[in-house]
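Undergrad: Below is the structure I would like to discuss, written out as structure tokens.
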Amino acid sequence: MNRLWQTAIRIVVSLALVGAIVFVYKSILPANSVTVALTLVLAILWIAARWGYAESIVASVVGMLGLDYFFIPPVGQLTISDPENWAALAAFLVTAVTASELSVRARRREAESIARRQEVERLYALGQTLLLSSNVHTAARDIVNSIIRTFEISGAVLFNQVTGEFYRSEGHTKISDDQLRRVAETGEPVTDSGLQTSIVPIRLGGQTTGSLGFVGSTLSSAARNALAHLVAIGIERARTIEETNQAEAARQSEVLKATLLDALAHDLKTPLTSIKGAVTHLLAKPREAEELELLTIANEEADRLNRLVVEVLEMARIEASKLHPDRARHHIADIIQATLKAQEEALQGRTIQLRLPDSLPAAEVDFEFIGQVLKQLLDNAINYSPPNAPLTISAHLEGERIVVTVADEGKGIPVDEQSKIFDKYYRGRAWREKVLGTGLGLSIAKGIVEAHGGKIWVTSAPGKGSMFSFAVPAVKSELVL
Amino acid sequence: MSAKILVVDDEPQIRRMMRATLTSSGYQVDEAKTGEEALEKLRAYQPDLILLDLNMPGMGGLEACRFMRDGSDVPIIILTVRNAEKEKVEALDAGADDYVSKPFGMQELLARIRAALRRMPGAEGGPRGFTSRDLQIDFESRRVMVRDQSVRLTPKEFELLRHLVAHGGKPVPHRELLQAVWGPDYGNETDYLRVFINHLRKKIEPDPARPKYILTEPWVGYRFALPEEP
């Protein structure tokens, strides 16, 4: 209604302007028809530039009629005698209309570019708001509020498909939950010009994560899509931060646990040191059989308690990701040799076959940690195979990794247990009573190998022995490609 | 006259146990509860050997060890509940001669004490020195120059280098090196050799990652490479 009135008033003003020009040239400043026509074209251009197409067309037609009636002979009549004047009048009308159109178009371009600039500024402002939110819920609420504020629209609603939640600006119900859900599912934007609503899907990396609805929107579709993308990034960012915080909190609690266990280990080992020192001192002197037996038991149990403390602590470190291998260039052969030397006593009477290719490149590993893994595999091979059965240690290059295998000729591991033996505290059914252990050794070995970015596995068939293998990265520069 | 041992530990039960066992094994024993007290006792008591705990309130064992090394050649054996390689390297770096992790068997500790008390024979026999373009070693004055810069070696590093140079060009097995430098009860502590060889390489090699003097002989030991005659 308002608009119509405005246009009507402008048309009246335009007509008055045309009338005034005609009147001035007719009664006050007599001039020829060319001057009048040029002045009228100027006025019409001004009207077009200022107001628009309708006003300038009306002014053109009325101006042409005035020119014809008052200035083109026969004056005082709407008829034209000279065909030349027909051409002049037609030229006037075409010029006026074309000029109006060009002027209107230029004005519209300007208005459009101002609107685009405004949209970009608003998107930027929104982007800044999004960067400040660090939690998914406040981020969604912030998004809705700041869309209304920065884009000056009457309502907005956000649907997060991942959490299934809706965030509406206050008191607006023009867009239903179902509509939002549908857009999120189909991924197709919907616009209702009658209700002045539009809904766009929110996408990130080709996946729809929700939808965003506007009420009273004056946004271009490009701006709507940019906005939806911005919102998608904002929500994803908030979600990532939240997840990272949770993971960090979980890790922190593991770190705390490891620190506590560290302190506990120290407190347990200190009395063990006094016990072990005292008992071994007594054991070193000539004893009666009974005393010797009892002291030996005390000594062995002190060792066992110590082993338990060490393994539990190591497991806690692995779980707290506090195991930091000090990786350097080492030859697997050196690590195997050092481990075999340290195990000399336990390996007595065993035949050990070594299969190491000469061309094996160095590995990028922590010497001590990988030595520990080898020791664990050797311990297992010794404990779980007959005393005189031979062992085989081999290594070979597989792609960019060095695979080390320790094979025994023991009873093997039942298929259903093979996946469990790397679990914490798991102990093979057949051996629980026969071999002392904590069930931590292999899970520690697994943790160490994985901290090197490698993997550990077992292949075994009952009755045919077990082959434990682990793969660790080779030094890249030594790989012959 | 029996050797004097200073036991440095903040745990009273451990000091009691050590005093009883060491005294019974024929040593004289004194105790210190902290690193600071140990430094005082080092001057006042003049021990022949120090057993040093790492984890003590106040001045820790590592710091105490460094202070002791500043003015004394007394053998130091570190006793600690931690047995990570990193801690071992730190302790050896700080100037300790040996490293025993708690809990330990008394026979093992006594063997280490005997080895540490056994004084290295002086520079009798063997080469007087070694000279090349970027490395000069003088065994008598115990001076090592690398590219005209004086380099300080710990006694164990120096012994290790001397033994390698004495067998210049020939591989020296791990066990032989360990027994020559630490003592007859050693032989399996290849990690000691690794630590000390690494130290030596860092100190004397132009490029420690690609050594040209101290070479690893896989499976055997180490070899001091004599430069090719020009």
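Undergrad: Roughly speaking, to the nearest percent, how much of the protein assembly as shown's 1.4 Å accessible area is carbon and sulfur?
TA: It is 55 percent, rounded to a whole number.
Undergrad: Using a 1.4 Å probe and counting only protein heavy atoms, how much accessible surface gets buried when A and B come together, both sides summed, in Å² to the nearest 100?
TA: On the way: alone 27170 and 11930 Å², together 36700 Å².
In total, chains A and B hide about 2400 Å² from solvent.
Undergrad: Here is a follow-up. Is the shape of the range B:4-117 best called rounded, prolate or oblate, per the rule: a/c under 1.5 gives rounded, else a/b larger than b/c gives prolate, else oblate, with a ≥ b ≥ c the square roots of the Cα gyration tensor eigenvalues?
TA: Numbers: a/c = 1.31, a/b = 1.11, b/c = 1.18.
Rounded.
Undergrad: Quick one: how many Å² of residue A:241 are accessible to a 1.4 Å probe, rounded to 10?
TA: 50
Undergrad: With a 1.4 Å probe on protein heavy atoms only, tell me which residues of the range A:313-348 lose at least 50 Å² of accessible surface in the complex relative to the chain by itself.
TA: Going by heavy-atom accessible area, the residues of the range A:313-348 that drop by at least 50 Å² are A:337, A:341.
Undergrad: Using a 10 Å cut-off on Cβ atoms, rank the peptides B:89-99, B:135-145, B:59-69 from the highest mean neighbour count down. Working shown, then result.
TA: Details: B:89-99: 21.1, B:135-145: 15.9, B:59-69: 19.5.
In decreasing order of mean packing, B:89-99, B:135-145, B:59-69 become B:89-99, B:59-69, B:135-145.
Undergrad: Considering the dipole of chain A built from charges on the beta carbon (Lys and Arg +1, Asp and Glu -1) around the Cα centre, which of A:370, A:19, A:206 is farthest to its positive end?
TA: A:19
Undergrad: Let me know the mean shielding of B:98-109 by other chains, meaning the per-residue number of their Cβ atoms within 10 Å of its Cβ. Show your work: numbers first, answer last.
TA: On the way: counts 0, 0, 0, 4, 9, 17, 4, 10, 9, 4, 1, 3.
Averaged over the peptide's residues, the number is 5.
Undergrad: Right, another one. Which cross-chain or sequence-distant (5 or more) residues have an amide H under 5 Å from the amide H of residue B:49, H modelled 1.01 Å from N in plane?
TA: Result for residue B:49 returns B:4, B:6.
Undergrad: Let me have the 222 nm mean residue ellipticity of the protein assembly as shown computed from DSSP H runs of 4+ only, each contributing -39500 (n - 2.57), with the sum over all residues rounded to the nearest 500. Each step should come with its number before you reach the end.
TA: Numbers: 20 runs with 362 residues, N = 711.
Counting only the DSSP helices, I get -17500 deg cm²/dmol.
Undergrad: Using Cα positions and a limit of under 17 Å, work out the lysines in reach of residue B:156, with same-chain residues fewer than 8 apart set aside.
TA: Excluding near neighbours in sequence, the set is B:88, B:202, B:203.
Undergrad: Treating only the Cβ atoms of Lys and Arg (+1) and Asp and Glu (-1) as charged, compute the dipole magnitude of the protein assembly as shown about its Cα centre; round to the nearest 20 debye.
TA: Details: 83 positive and 90 negative charges, 214 e Å.
About 1020 debye.
Undergrad: In terms of Cα to Cα distance under 19 Å, which aspartates and glutamates are near enough to residue A:476, apart from those fewer than 8 places away along the same chain?
TA: Cα-Cα hits under 19 Å: A:326, A:334, A:358, A:364, A:366, A:398, A:400, A:450.
Undergrad: Heavy atoms only, 1.4 Å probe, whole protein assembly: order B:182, A:5 by accessible area, highest first.
TA: Final ranking, largest accessible area leading: A:5, B:182.
Undergrad: Helix A:367-383 sits at what angle to the longest principal axis of chain A, using alpha carbons and giving 0 to 90 degrees rounded to 10?
TA: Tilt relative to chain A: about 50 degrees.
Undergrad: How much of the DSSP beta bridge set in the protein assembly as shown is antiparallel, as a percent to the nearest 5? Numbers along the way, then the final one.
TA: Details: 62 of 83 bridges.
Counting DSSP beta bridges with both partners in the protein assembly as shown, the antiparallel share is about 75 percent.
Undergrad: Round to the nearest 10 and report in Å² the accessible area of residue A:459, as given by a 1.4 Å probe over the protein chains' heavy atoms.
TA: Counting only protein heavy atoms, the figure is 70 Å².
Undergrad: Follow-up question, since we're still on this one. Based only on Cα atoms, what Rg/Rh ratio does chain B have, Rh being taken as Kirkwood's radius? Write down the numbers at each step before the final one.
TA: Values: Rg = 18.5 Å, Rh = 18.7 Å.
Reported Rg/Rh (Cα atoms, Kirkwood Rh): 0.99.
Undergrad: What angle do you read, to the nearest 10 degrees and between 0 and 90, between the alpha-carbon axis of helix A:221-283 and the longest principal axis of chain A?
TA: So the helix axis and the longest Cα principal axis differ by about 20 degrees.
Undergrad: Let me ask something else. Just counting partner chain Cβ atoms within 10 Å, what average do the residues of peptide A:264-277 show around their Cβ?
TA: Counting other chains' Cβ atoms within 10 Å and averaging over A:264-277 gives 6.
Undergrad: Same structure, new question: When ranked by the protection proxy of mean other Cβ atoms within 10 Å per residue, highest first, what sequence do the peptides A:389-395, B:215-221 form? Mind dumping the intermediate values first?
TA: Working: A:389-395: 18.3, B:215-221: 14.9.
For the peptides A:389-395, B:215-221, the packing ranking is A:389-395, B:215-221.
Undergrad: Can you tell me the orientation of helix A:33-50 relative to chain A, as the angle in degrees between its alpha-carbon axis and the longest Cα principal axis, to the nearest 10?
TA: 30
Undergrad: Evaluate 2.2 N^0.38 Å with N set to the residue count of the range B:129-224, then give the Cα radius of gyration divided by it. Each step should come with its number before you reach the end.
TA: Values: Rg = 12.5 Å, N = 96, 2.2 N^0.38 = 12.5 Å.
Against the empirical 2.2 N^0.38 Å value, I get 1.01 for the range B:129-224.
Undergrad: Hey, another quick one. Put +1 on the Cβ of each Lys and Arg and -1 on the Cβ of each Asp and Glu in the range A:204-304; which of A:266, A:227, A:302 then has its Cα farthest toward the positive end of the dipole?
TA: With unit charges placed on the Cβ atoms, the residue in question is A:227.
The values are calculated or read from the model by the stated rules, or taken from the named source; none is laboratory data. Everything quoted here is computed from the prediction, not taken from an experiment. Using ideal geometry, Cβ is built from the backbone for each residue, glycine included, and neighbour counts are taken over all protein chains shown. For the accessible areas, the whole protein counts, side chains as well, though only heavy atoms, and no ligand, DNA or RNA atoms are used. Shrake-Rupley method; radii C 1.70, N 1.55, O 1.52, S 1.80 Å.
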